[in-house]
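Engineer: There's a structure below that I have some questions on.
No lab work stands behind these numbers, since they all come straight from the coordinates. Every value quoted in this text rests on a predicted model; they were computed, and no experiment measured them. Cβ placement follows ideal geometry from the backbone for every residue including glycine, while neighbour counts extend to all protein chains displayed.
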Amino acid sequence: MRGERRRRAVTSSSGVLIVGLGRFGSATARSLMQMGREVMAIETNPELVQEWSPKLTHVVEADATHLDVLRQLGAGEFSTAVVGIGSSIEASVLTTANLTDLGVEKIWAKAISEAHGKILRRIGAEHVLYPETEAGDRVAHLMNSRMLDYIDFDDGHFAVVKMRPPEEAKGLTLAEARIRDTYGVTVVGIKAPGKDFTYADMDTRMGSQDVLIVAGHVDKLRRFAGRP
């Protein structure tokens, strides 16, 4: 176990522990730092340790599959941890189990398959993420519709999308377009060019260059976003 050259104390009550600085772990760590959170990262690859040491609060070269190592690093004092290990299911499972044993309350863990995710949940991961699968599903939706962005909820049953209005709705108010009655989806927000997003109501008029935020069941959203 080796710490990096740059050592700064991390306040475990407000900081986040991240294990694994691959693409997923490092992206999460970077975003947390940008939000003003402290991050302590554990990584076995010395090159990644060197790369991220100047960017994060504290980075340690260590093997999180060993319970004693995590205990020495004070991992059990953190209330939130992210397990971003993707190269080894065994390492991911052992690390998650160790964090559970140490009493970490909120564990977010990356999974590479449904079976992997099921194991992670059983051993204590509160949130299981499938970044590759979710990214592929999102791209597929964007490629096959008018959607500009897509966020999935409830295991693929409900989503919120960002999209341009279809031709039939351009220039009409929501009351005139009858989108909810016709398609069963709800326009919750709208952004005109050069303006901020605002909540939509029945008097909101949709311009050709406006961006809509629409919520609803995935199959109904797909139908609405598939309109020319």
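Engineer: Rank by packing, highest mean first: peptides 73-85, 211-223, with packing defined as the count of other Cβ atoms within 10 Å averaged across residues.
Structural biologist: Averaged packing, sorted descending, gives the order 73-85, 211-223.
Engineer: For the ranges 101-112, 116-127, what's the packing order if you count other beta-carbon atoms within 10 Å of each residue, average per peptide, and put the highest first?
Structural biologist: The packing order, highest mean first, is 101-112, 116-127.
Engineer: Apply the Karplus curve 6.51 cos²θ - 1.76 cosθ + 1.60, θ = phi - 60°, to the phi angles in the stretch 32-46 and return the couplings in whole Hz, x for Gly and Pro.
Structural biologist: With coefficients 6.51, -1.76 and 1.60, one gets 4, 5, 5, 7, x, 8, 7, 10, 10, 10, 10, 8, 8, 7, x Hz.
Engineer: Let me see the P(r) profile for the stretch 19-65: every Cα-Cα distance counted, bins of 10 Å, each bin given as a percent of all pairs.
Structural biologist: 31, 60, 10
Engineer: On to the next question. Scan around Ile18 for amide H atoms under 5 Å from its own, H built in the peptide plane at 1.01 Å from N, and keep only partners 5 or more places away or cross-chain.
Structural biologist: When sequence neighbours closer than 5 places are left aside, the close amide H contacts are Met40, Ala41, Ile42, Val82.
Engineer: Can I ask one more? Provide, for q = 0.21 Å⁻¹, the log10 of I(q)/I(0) from a solvent-free Debye sum over equal Cα point scatterers in the stretch 9-122.
Structural biologist: -1.14
Engineer: Can you match P(r) over Cα pairs in 10 Å bins from 0, in percent to one of these, (1) 7, 32, 37, 20, 4, 0; (2) 8, 31, 31, 19, 9, 3, 0; (3) 8, 28, 23, 18, 17, 6, 0, based on a calculation from the structure here?
Structural biologist: (3)
Engineer: Return the sequence-ordered ³J(HN,Hα) values of the stretch 50-59 in whole Hz as given by the Karplus equation 6.51 cos²θ - 1.76 cosθ + 1.60 applied to θ = phi - 60°, using x for Gly and Pro.
Structural biologist: Residue by residue, the stretch 50-59 yields 5, 5, 9, 4, x, 9, 10, 4, 7, 10 Hz.
Engineer: Can I ask one more? Please give, to one decimal in nm, the separation of the simple spin-label points placed at Ser31 and Thr198, each 7 Å out from Cα toward the Cβ.
Structural biologist: Spacing of the two 7 Å Cα→Cβ label points: 3.0 nm.
Engineer: Hey, another quick one. Could you work out the relative contact order of the stretch 2-129? I mean the mean sequence separation of Cα pairs under 8 Å and 6+ apart, divided by the number of residues, in percent.
Structural biologist: 24
Engineer: Would you mind checking Lys110/Lys220; Lys162/Lys195; Lys118/Lys162; Lys55/Lys110; Lys170/Lys195 for any pair whose Cα atoms are more than 26 angstrom apart?
Structural biologist: Lys110/Lys220; Lys118/Lys162
Engineer: If you don't mind, another one. Suppose every K and R has +1 on its Cβ and every D and E has -1 on its Cβ; what is the size of the dipole of the stretch 2-129 about the Cα centre, in Debye to the nearest 20?
Structural biologist: Value, rounded to 20: 340 debye.
Engineer: Residue-wise, which Karplus ³J(HN,Hα) couplings in Hz belong to the stretch 77-83, taking 6.51 cos²θ - 1.76 cosθ + 1.60, θ = phi - 60°, and x for glycine or proline?
Structural biologist: 7, 7, 8, 10, 9, 10, 9
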